[in-house]
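J.: The following block contains the structure, expressed as structure tokens.
FYI, it's all coordinate maths here, none of it is from the lab. Worth saying up front: this structure is predicted, and the values here are computed from it rather than measured. Using ideal geometry, Cβ is built from the backbone for each residue, glycine included, and neighbour counts are taken over all protein chains shown.
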């Protein structure tokens, strides 16, 4: 097969036939690998964070539930990995790719259905804004514009509200970190909490 330009590493197409070397390699699938890495890199850390955000840290009962949530989150993730590695691969190899993809699709549909059915009871909902991109870009742009400002000596002046205000809203005040250098004045267009 070497004289016909086929791969020698055992690569086969979806029909099980040898693949031409000219049709593979040279990172032709890199865009797909980048898309998968970006999706996983964005979803994995944020999903658990948003889930944990639904619990009130100021309520001792909910604080305990939050710990339980992360335990179940980790357990469910590992169980899903185990089922995918053992179960889906077994179905794929012995019963067919179509059935394996069907089972995976059914799992995704059930997860999305559970997500959408529980959305109305979420504590923190998405705020309606004119443009999410504008809000996303605003902080880095203002941080760059004000990069040469120096910090005030009194770190309590870094916040736009008193601690009582944050407690009444059941939110946390971002604490000052002494490792950053720079000053934030009252005329700063973007407050620290953003």
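J.: Residues of the range 11-51 being touching a helix residue (DSSP H, G or I) at 6+ places or on another chain (Cβ under 9 Å) and closer than 20 Å to residue 112 by Cβ, which ones?
T.: 44, 47, 48, 51
J.: Please enumerate the residues belonging to the range 48-98 that are over 26 Å from residue 167 (Cβ atoms) and not in a helix (DSSP H, G or I).
T.: Listed by number, the residues that qualify are 95, 96.
J.: Among (1) more than 21 Å from residue 44 (Cβ to Cβ); (2) in contact (Cβ under 8 Å) with a residue 24 or more places away in the chain; (3) in a helix (DSSP H, G or I), where does residue 123 come up short?
T.: (3)
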